[in-house]
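The values are calculated or read from the model by the stated rules, or taken from the named source; none is laboratory data. On a predicted model such as this, the values are computed, not experimentally measured, just so you know. Note: ideal-geometry Cβ built from the backbone for every residue, glycine included; neighbour counts use all protein chains shown.
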Amino acid sequence: MARTLEENAPDSDGKWSVATGTFEQAEGVFQIRDHEFIADTIDGGFSDFLLTFKDKPVERWPGHYGEGEQLPPHWRSASQPKLTPSPSDRLHAHCKCGGINLWIARPSERSTMGRAAWPDVIIPFNSDEPHPPQGIWWLRDDHKKYLAGVCACNSCRLAVGMEWVEWAFVPTVDISLDAEGKVPFSREFGTLKHYRSSDVATRHFCDTCGATVFWDGDERPQLIDVAVGLLNAPEGARAESWLDWRSERLSYREDAAPRAESVTLGVEAGLKEYGKRKQGS
């Protein structure tokens with residue numbers, strides 16, 4: 001959603017848009033000027049996680065750049081529905097072309113099955129401190145929501161070509177391939193394809209439109225990371241009635257900071273501001 005321009009270059013038509021995550025070095029190569037199409041998100045989406053770049057406000061446009069009036073930080077649509085979550089709710093997730101469709105149930109007792117090592121978004125993977133025993137860390141808000149976080153690891157960055165990826169951690173038992181919850185989760189359905197992105201993980205994507213779908217770690221087969229951009233939550237892109245966002249840490253910031261310090265600092269500041277507002281609400 002952030003639009004990037006070459007440093008000191010005039011904005012004109014006929015230029016290629018290049019995914020900045022593919023750059024070996026990002027610091028000093030581009031600047032982030034604005035967010036576009038915020039109105040599509042209903043709740044502001046990721047734009048509230050990146051409010052400034054090099055201490056300058058990032059412009060916020062409801063649609064195309066320069067069209068209409070800019071939206072304020074932490075904007076929410078006046079049409080955003082007020083929801084009363086129900087145990088019977090199912091959240092539809094799908095890709096651009098419609099080749100991937102799945103539904104996520106609300107957390108329940110079955111969501112607590114299994115244990116897993118703590119993720120980097122909570123406890124830094126390379127921390128010298130001893131890690132606590134495996135736990136049920138993917139459930140938050142008294143087990144009413146799933147954990148979500150922003151990852152800037154080199155693997156995610158290069159897999160999608162973007163500076164960061166937003167993931168929701170969901171037990172596979174809570175995912176179905178139909179709206180009624182009768183068709184259980186499978187790693188083979190629709191246009192879903194996969195490849196081994198490391199010795200310990202598989203990434204899944206749509207074979208038609210290329211949408212990122214899952215990150216699938218070998219060490220926790222009962223749990224899968226779902227790309228938040230696929231979620232079609234009526235309350236908005238952050239799906240806040242379903243997800244509790246981890247704002248205390250940008251996951252794998254140690255990968256991001258050396259090549260993109262300004263972007264990393266901007267996202268970290270935005271996440272912390274988001275967390276403060278969430279605690280005060």
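Quick notes on this structure:
- If you check Ile175, Ile104, Ile100, Ile136 for being surrounded by fewer than 16 Cβ atoms within 10 Å (Cβ to Cβ) and among the β-branched types (Val, Ile, Thr), only one passes: Ile136.
- Within region 76-127, the only residue that satisfies the criterion of being under 16 Å from Gln222 (Cβ atoms), polar (S, T, N, Q) and part of a loop (DSSP other than H, G, I, E, B) is Ser108.
- Phe53 vs. criteria under 30 Å from Lys144 (Cβ atoms) and buried (at least 20 other Cβ atoms within 10 Å of the Cβ): no
- Residues of region 45-64 that turn out to be at pLDDT below 95 and in contact with a strand residue (DSSP E or B) (Cβ under 8 Å, 6 or more places away or on another chain), as a count: 0
- Taking first residues from region 66-92 that are within 19 Å of Gly45 (Cβ to Cβ) and touching a residue at least 40 places away in the same chain (Cβ under 8 Å) and partners that are among the aromatic types (Phe, Trp, Tyr) and part of a loop (DSSP other than H, G, I, E, B), the Cβ contacts under 6 Å between residues at least 6 apart in sequence or on separate chains come to Leu91/Trp242.
- Any chance Ala39 is among the small types (Gly, Ala, Ser), surrounded by fewer than 18 Cβ atoms within 10 Å (Cβ to Cβ) and at pLDDT 95 or above: yes
- Test for Leu71: is it aliphatic (A, V, I, L, M) and over 19 Å from the mean Cα position of the chain (by Cα): yes
- A count restricted to region 128-144 and to residues that are part of a strand (DSSP E or B) and within 15 Å of the chain's Cα centre (by Cα) stands at 0.
- Residues that are closer than 18 Å to Leu139 by Cβ and part of a loop (DSSP other than H, G, I, E, B) within region 260-278 are absent altogether.
- Residue selected from region 179-204 under the condition part of a loop (DSSP other than H, G, I, E, B) and β-branched (Val, Ile, Thr), by the criterion surrounded by the most Cβ atoms within 10 Å (Cβ to Cβ): Thr191
- Selection from region 127-149 of residues that are within 20 Å of Leu271 (Cα to Cα) and in contact with a Ser or Thr (Cβ under 7 Å, 6 or more places away or on another chain): Leu139, Gly149
- For region 145-160, the set of residues classified as surrounded by 15 or more Cβ atoms within 10 Å (Cβ to Cβ), assigned to a helix (DSSP H, G or I) and not polar (S, T, N, Q) consists of Cys156, Arg157, Ala159, Val160, listed by residue number.
- Criterion (touching a residue at least 24 places away in the same chain (Cβ under 8 Å) and in contact with a Lys or Arg (Cβ under 9 Å, 6 or more places away or on another chain)) met by exactly one of Glu235, Glu273, Glu268, Glu261: Glu235
- Selection of region 20-43 for residues being part of a loop (DSSP other than H, G, I, E, B), closer than 20 Å to Ala152 by Cβ and in contact (Cβ under 8 Å) with a residue 60 or more places away in the chain yields Phe23, Glu24, Gln25, Ala26, Glu27.
- Qualifying positions in region 161-183 - among the β-branched types (Val, Ile, Thr), more than 26 Å from Gly275 (Cα to Cα) and touching a helix residue (DSSP H, G or I) at 6+ places or on another chain (Cβ under 8 Å): Val173
- Strands (runs of 3 or more DSSP E) fully within region 205-259 counting 1 or more residues that are under 25 Å from Thr22 (Cα atoms): 212-217, 223-227
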